[in-house]
1. Sort out which residues of the stretch 352-396 are out of contact with any strand residue (DSSP E or B) (no Cβ under 9 Å at 6 or more places or on another chain), open to solvent by 40 Å² or more (accessible area, probe 1.4 Å) and either small (Gly, Ala, Ser) or modelled with pLDDT of 90 or more (or both), and write them in order of number.
2. For the stretch 177-215, which positions are open to solvent by less than 10 Å² (accessible area, probe 1.4 Å) and among the hydrophobic types (A, V, I, L, M, F, W, C)?
3. When both residues are 6+ apart or on different chains and their Cβ atoms are under 6 Å apart, which pairs have a first residue that lies in the stretch 145-161 and is closer than 24 Å to Ile290 by Cβ, and a second that is at pLDDT 95 or above and in a loop (DSSP other than H, G, I, E, B)?
4. Can you confirm whether the stretch 18-41 contains a residue that is modelled with pLDDT of 95 or more, among the β-branched types (Val, Ile, Thr) and more than 27 Å from the chain's Cα centre (by Cα)?
5. Do any helices (runs of 4 or more DSSP H) entirely within the stretch 178-293 hold 1 or more residues that are among the β-branched types (Val, Ile, Thr), and if so, which?
6. Take the residues in the stretch 240-264 that are out of contact with any strand residue (DSSP E or B) (no Cβ under 6 Å at 6 or more places or on another chain) and closer than 22 Å to Thr204 by Cβ, then tell me which one is surrounded by the fewest Cβ atoms within 10 Å (Cβ to Cβ).
7. How many of the residues making up the stretch 428-446 are touching a Phe, Trp or Tyr at 6+ places or on another chain (Cβ under 9 Å) and either among the hydroxyl-bearing types (Ser, Thr, Tyr) or open to solvent by less than 50 Å² (accessible area, probe 1.4 Å) (or both)?
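The values are calculated or read from the model by the stated rules, or taken from the named source; none is laboratory data. As the structure is a prediction and not an experimental result, all values here were calculated from the model. FYI the Cβ positions are ideal-geometry reconstructions off the backbone, even for glycines, and counts take in every protein chain you see. To get the accessible areas, we keep the full protein, side chains included, count just its heavy atoms, and leave off ligands, DNA and RNA. Shrake-Rupley method; radii C 1.70, N 1.55, O 1.52, S 1.80 Å.
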Amino acid sequence: MRLSRRKVLAAASAAAVGAGVLAAAALPTQALAAGPESTYLVLAPNGQSTAKAANRVAAAGGTVIANYSQIGVLVVRSTNPAFETAVSGSGVDAVASTAGLGSALDDGATVEVTDPAVLQAAGDATGEPLAGLQWDMAQISVPEAHKVTTGSPNVVVGVLDSGISSTHPDLATQIAKDKSASCVGGVVNTSEAAWNPTTSDHGTHVAGTIAAAVNGVGIAGVAPGVKVASVKVVNDDGFIYPEAAVCGFLWAADHGMRVTNNSYYIDPWEFNCRNDVRQRPVWTAVQRAIRYSQNKGVLNVASAGNSNVDLQHKFIDSGSPNDNSFPVEDRTITGACIDLPAEAPGVVTVSAVGPTRAKSYYSSYGQGVVNVTAPGGDTRFRTLGASSTLADGVLSTTFNTVTKTNGWGYKQGTSMAGPHAAGVAALALSAHPGMQPGALASFLERTADALPCPSGVYNPVPRLQGYEANCSGGNRNGFYGAGEINAYNVVR
């Protein structure tokens, strides 16, 4: 049994919640016949201007809606059904329609904590009322780190996600509104309404783990002294399209963010294959965007995924695409296929563990792929009548997109592990301001608590098949990378 990257099967799911101009006449007449409007990525040759490409777009009956000249990528819309053929030529390195290339967000399952009695009784009544329920913070030594620093407001973490609730009492003071924007559709919109959540509280939950305020309300984040920026890349249908991800990486890079958190993957195929003609331009565009952000001083943190697969080895993907755009097909995943952005060079990839510090049943893994691990929650025993409960998920801030109310609740997934690592990276930058992305990534690994591989075949749910996994490596291994992140170690 394979778990979807986007939907973790847990008991919590049941709970409440400038070049030459080309003449149009040179194009075939039929190329300009109107059809449904589609979105395309048009790439200029690496390192070259987008001017020629833009001219070809116009001549082929397209409209440039975003020009990311920094990396030679245009986001284009056209009703010409032959646009891809018509636009190809000098000045255009690659072109691909992004129709059907959206991937649904791993939204997790929210269990809301709204009972006033619970809010008052849990944790320290003089501090954060729900702090006593945050096993994840204690596990990575956050309380000890806060005695040294809670983070610097000069450090901004970009949350590339579904938006952050700007009215949440634990987040309202934490958001860098001047650096927040929506990138949905590949086009920047800086209005506050645009970057707030509309159909998912995933980004709000992620933001709370990173930087929920110490204010006597709710919870505290890993780095409550830093700021978060909402970079919305998820549309109202819950999908992340490549043009939105490209926009998000560039927006973060050009607006001074030092860390981004990416709890998603790009494409309905969980693994993007460079040897696939249709997927290669997407792979190239995203790689350019990530490389650009790294050169601007950004460390990108990404979740490993919730499919319980070994990302290091070949296997058969039998669950893609999963957005109903094409029939599901069996594909052999080889070294030409990678999970974007998690497997892009320079990205810190994070697997998930539960309260026992063992790999969460859903977490993907892979030696040489996973850099570190972090708390993501593990409620696997709930349906088996054992001791684990919903509280073995990760508690953070929530937003009910139907009632438009803020709250706190549990989710689980590598989507929850990633922001713990992003928060620790923000603490490290606060303590060591001049650290560059490569050094910071290495620092997170060197200060992590090593976790050894379990012996034999690992199956956290022995009465159910499909959760088996094999861990390879020593102190640095496929399940945990260099180990579990440690907030105190990066600041002391």
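1. Scanning the stretch 352-396 gives Thr356, Gly385, Ala386, Ser387.
2. Ala181, Cys183, Trp195, Val206, Ala207, Ile210, Ala211, Ala212, Ala213
3. Listed pairs, sorted by first residue: Val155/Val226; Val155/Arg258; Val156/Ala176; Val156/Met257; Gly158/Met257; Leu160/Val233.
4. no
5. In the stretch 178-293, 202-211, 242-254 are the helices (runs of 4 or more DSSP H) which contain 1 or more residues that are among the β-branched types (Val, Ile, Thr).
6. His255
7. 2
Yes/no per residue for (1) open to solvent by less than 30 Å² (accessible area, probe 1.4 Å); (2) modelled with pLDDT under 95:
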position	(1), (2)
Ala59	yes, no
Leu74	yes, no
Ser97	yes, yes
Leu105	yes, yes
Thr114	no, yes
Pro129	yes, yes
Thr150	no, no
Val157	yes, no
